[in-house]
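The next block holds one structure in the form of structure tokens; read it before the comments.
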Amino acid sequence: MDLRVRVWNSDAGGAGGCYTGVMTFEIVVTGPDDFPAITRPGLIGFGRAGIGSEQLEDIRRELDVVRMLGARIDGEWVGTIGDFPFELTLPGGATVPVAGATWAAVLPTHRRRGILSALMGRLLDDTVERGWPAATLLASEAGIYPRFGFGVASGYSSFRFDPRHVDFGADVASTGSLELVADPTQAVATAAEIWDLYRVTRAGSSSRPPVMWEYAARDPEADREGFSGLMWVVHRDDAGRPDGYASYRVKDCDTFGLPHATLKVVDLVAPDPAVEAELFEYLRRVDLVRTVEMPYRPVDDHLVWRLGNRREMVTVETGDFLWLRVLDVAGLLTSRSYAVTDELVLGVDDPFRPATSGRYLLRTGPGDPECERLTDPGVSLAPASLTGGSVDLAMDVSSLASLVLGTTTPSVLAAAGRLDARPDVLARADACFHTGRAPYTNTEF
Ligand SMILES: CC(C)(COP(=O)(O)OP(=O)(O)OC[C@H]1O[C@@H](n2cnc3c(N)ncnc32)[C@H](O)[C@@H]1OP(=O)(O)O)[C@@H](O)C(=O)NCCC(=O)NCCS
């Protein structure tokens, strides 16, 4: 496929700039023969040029799983976008296949000419063709992806605390046993099993392909940022079955002879919150540690609510994590569960993929929800026509992405001017989409 974009030079032609020519590029699905040249836009784009052969080999392994699209001009790769095949958990525990977009990068010499837009258009087309109802990604900058219909789908809080000042106020009931697993391959195999039990309990979590676990087992030194190698502690229930794990690193340090180590939690995972609390208690009691860092925890982390002195667990950062792009509105909305029985007509506007725009009748309830499209594909709905009697909730497709997993409520989106509905309808919609727990994932891709 050849794509032609007009090249805008903002430095030329006075204050307004001018078009200086036309650039033609092709977008192709890349393969093993394109490695390592295909990594160039990404390595330059993410400031990683000049990485060593070991890191390059890690990328090669990743690209065995990632389906990579490349934009090429006269034989030179100028842009890329890839995707992992993930299973994403929805409220209620169902999982759906999604494209986890990654490696979105364009050479600085070719930026702002529409190359990412073209790559994203192709990625979303291909995802629809595969029959997958959505795409996800982690955004390097929040301003990039709303125009492509992505909306924030999960958030995180990062905590820091001095373990001497944080406790549960009462002893945590201890069940089963804890084991420090020395062999990383064995630790990772057990962790992967527990992860698969956990991820279906939490909307927003997704599968982790073996390549990610293999990477964790190798634990390359270049990724440790001065910390130790990964340590793995596994919790087993009374019958000896693994049901929780934590992986963490320590950076040793002493000041005037006093211990001052920092412990960084990488994963703290258990389907049962009580087991998660036991693992937290283990991490809190590691000797010589004066600072514990727990990055990328759920925004509604139950551990904070267990503490006697919760203010000691300082939130050092909070932000958006997963972004979601709804491609099959009916398919996605009927795959999740709802708190109450109701009937709502959603008006969805999708400027980037007009074929998704339309009115959808959603019937929710404790049983199987139903959703049917009421208008022809491609009908563009102006905001004014969305607020009439024929639509209960009118919103842009990126706002819908923030409702699917229960990230926020219709009322909050309405207050932000991102959704239109009458106040009585808003209250009903809030009840429908309510999930009880914030969607969460800490899987980086
Ligand atoms: C982000 C990046 C991929 C954009 O590629 P690009 O080819 O320049 O993007 P496009 O030309 O298709 O831009 C499409 C639109 O998005 C806007 N846009 C692009 N990058 C943006 C950013 N970082 N912030 C806000 N808007 C941005 C453009 O201005 C353009 O808007 P317009 O259509 O109104 O003119 C590229 O700048 C890059 O490689 N950055 C460094 C690596 C990175 O951050 N990648 C994203 C990883 S999640």
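Please state which of the following conditions His302 fails to meet, knowing it meets all the rest: (1) in contact with a strand residue (DSSP E or B) (Cβ under 8 Å, 6 or more places away or on another chain); (2) surrounded by fewer than 16 Cβ atoms within 10 Å (Cβ to Cβ). Evaluating His302 over (1) in contact with a strand residue (DSSP E or B) (Cβ under 8 Å, 6 or more places away or on another chain); (2) surrounded by fewer than 16 Cβ atoms within 10 Å (Cβ to Cβ) leaves (1) as the failure. Of all residue pairs spaced 6 or more apart or on separate chains, those with beta-carbon atoms under 9 Å, a first member in segment 25-54 that is of a type in the set (Asp, Glu) and a second member that is within 15 Å of the ligand (Cβ to nearest atom) are Glu26/Leu3; Glu26/Gly70; Glu26/Ala71; Glu26/Arg72; Glu26/Ile73; Asp34/Met68; Asp34/Gly70; Asp34/Trp77.
Identification of strands (runs of 3 or more DSSP E) wholly contained in segment 92-179 with 2 or more residues that are under 13 Å from Leu324 (Cα atoms) and either touching a residue at least 24 places away in the same chain (Cβ under 8 Å) or more than 16 Å from the ligand (Cβ to nearest atom) (or both) yields 95-106, 134-138, 150-152.
Taking every residue in segment 58-80 that is assigned to a loop (DSSP other than H, G, I, E, B) and pairing it with any residue that is β-branched (Val, Ile, Thr), at least 6 positions away or on another chain, the pairs with Cβ-Cβ distances below 8 Å are Asp64/Val211; Val65/Val211; Val66/Thr102.
Filter segment 208-257 down to the residues that are part of a helix (DSSP H, G or I) and of a type in the set (A, V, I, L, M, F, W, C), then identify the one that is farthest from the chain's Cα centre (by Cα).
Ala222
Which fully enclosed strands (runs of 3 or more DSSP E) of segment 261-371 have 3 or more residues being closer than 29 Å to Ala187 by Cβ and free of Cβ contacts under 8 Å to residues at least 40 places away in the same chain?
Working: elements: 261-269, 289-297, 314-320, 322-326, 342-349, 358-364.
Counting at least 3 such residues, we get 261-269.
Under the condition of being surrounded by fewer than 20 Cβ atoms within 10 Å (Cβ to Cβ), among the hydrophobic types (A, V, I, L, M, F, W, C) and either assigned by TED's automatic domain parsing to the domain that holds Glu57 or in a loop (DSSP other than H, G, I, E, B) (or both), the residues counted in segment 193-207 number 1. Under the condition of being away from the ligand (no atom under 14 Å from the Cβ) and within 24 Å of Leu124 (Cα to Cα), the residues counted in segment 39-59 number 1.
The values are calculated or read from the model by the stated rules, or taken from the named source; none is laboratory data. These figures come from a predicted structure and were not determined experimentally. Virtual Cβ from ideal backbone geometry, glycine too; neighbours counted across all protein chains shown.
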